[in-house]
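Any read-out appearing in this document is the output of simple, stated calculations on the displayed coordinates, not a laboratory observation. Source: prediction; values computed, not measured.
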Amino acid sequence: MTAFLLVLGSAVLGAAASSLLSLLPALHVFNVMGGLILGLLALNEAGVVLPPEVVLPAMTGLVVGWSMLNTIPSILLGAPDESAMFTVLPGQKYLMMGRGYEGVMLTGVGGLAGVFFLVFVVGPLAPRYLPLARTVLGPHLHWMLWVIITFILMSEWPRGGTHGASGWARFADAWRSLGAGLLTFLLSGFLGFIVLYRSPVAVEMAFQNIMPAFVGLFAVPWCLFNVLSATEPPPQVRTASLELSGDVILRATAAGGLGGGFAAFFPVVTGGVGGLLAGHATAQRDERVFILSQGASKLVYYVGALMLFFVPGLGLRRGGAAWMLQAFYTPRTRYDYLMVLGATAVAGAVAFLLLSPLTRLTLGLIRRTNYRAVSIAALGIIVAVVAALTGASGLFVMAVGAGIGSLPVLFGSRRLNALGILLLPMACNLSGFGPDVARWLRLI
């Protein structure tokens, strides 16, 4: 009974703590988890060892809560300007139509559906089938990853090509976004090789060596362009009902579960890539289905990657949470797996209950202040976290990543191309010529 109460209380505490973390724009849960892991290791060295019934549910609750509640700043605090209205996610379109609350709640429903998918579908089936899938797919990972990279680059459709007095001018206009996408992928891939083979981050912070690059690629440009933009969202309206049918939720859960599950299981494929592949595979056109499926995909990706670490007979280390947890804990029995499943269910329920009041709180903040003030504060927090964990070298890597991550925003290409930081080095390594490429780049 004591162990049950510890698990329950720790899961609730982790989900509640994530509510504070999630409201800060562009601050990733793994940045905070890295600091917590360092604290736990220091406690272990001092002879204070917290039981797994406290640490594992709390960490699970933190990841589950952030995966669901981070929807609030990603939709409400990232308003695009009018030139980007038709290239942003539908959730941000909802914001610019005064329906930001509805967009957040739709994504939250998708996240809750993702919790059900993990607990009631993946949970019972994973120990039996995933070890077999790993054995079958293991020898083919290299060419599968190259196919995914090819699809990502080829699916970057030209957004221009209609302006210019001549054919060459229209050709250049079309290749403006395509060229920026390819350049973003190659530069981020080069940065990935540097971080992997000659990282400037100190050795004692090696488990956080890619964090400054990710923050620079994805978080810093978001904050900077929010500060520079003069766009203000219209007044937001709260809806009394989402008017969702079971058919819509099931279709969205299938697409999101497929994309997030594939990303969690496949090395270096993230939730964004998995969602892109699942969206094309299931041909979802309804904006509500898309928003729901993205909420499910994100939660299944982050939480599923953590769950794989505890699946009996599998022990995959996918995602930052599993890599950091392995520093001080190794799963031993099926009890650990069931404990993480239970913590996922509890934390998912708590996070969903917190979603509506926190969304209303954020909407009230938007009415009283402006995007620039919030973004400046978020940028300050991001820089402070990177400096505290990785020092001056980490700040330099972050600055380089910010320059590369600004290209998609400036030239209208997809930010997904910045994932070349992971995809390109891993594809080369799985194919066996990663060290040769690094030697050619004079990194070895």
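Which whole-angstrom value gives the distance between the alpha carbon centres of the range 13-66 and the range 87-159? Computed from Cα coordinates, the inter-centre distance equals 24 Å. Per residue, the Cα convex hull of the chain amounts to 155 Å³. Using only the C-alpha atoms, the convex hull of the range 351-424 corresponds to 166 Å³ per residue. Please find, in a Gaussian network model of the chain (springs between Cα atoms separated by less than 10 Å), the residue of Asn44, Asn417, Asn70 whose mean-square fluctuation is greatest. Sorting by GNM fluctuation, first place goes to Asn44. The distance from the alpha carbon centre of the range 219-251 to that of the range 354-382 is 13 Å, rounded to a whole number. Comparing Ala240, Ala42, Ala11 in a Gaussian network model of the chain, where Cα atoms under 10 Å apart are tied by springs, the biggest mean-square fluctuation is seen for Ala240.
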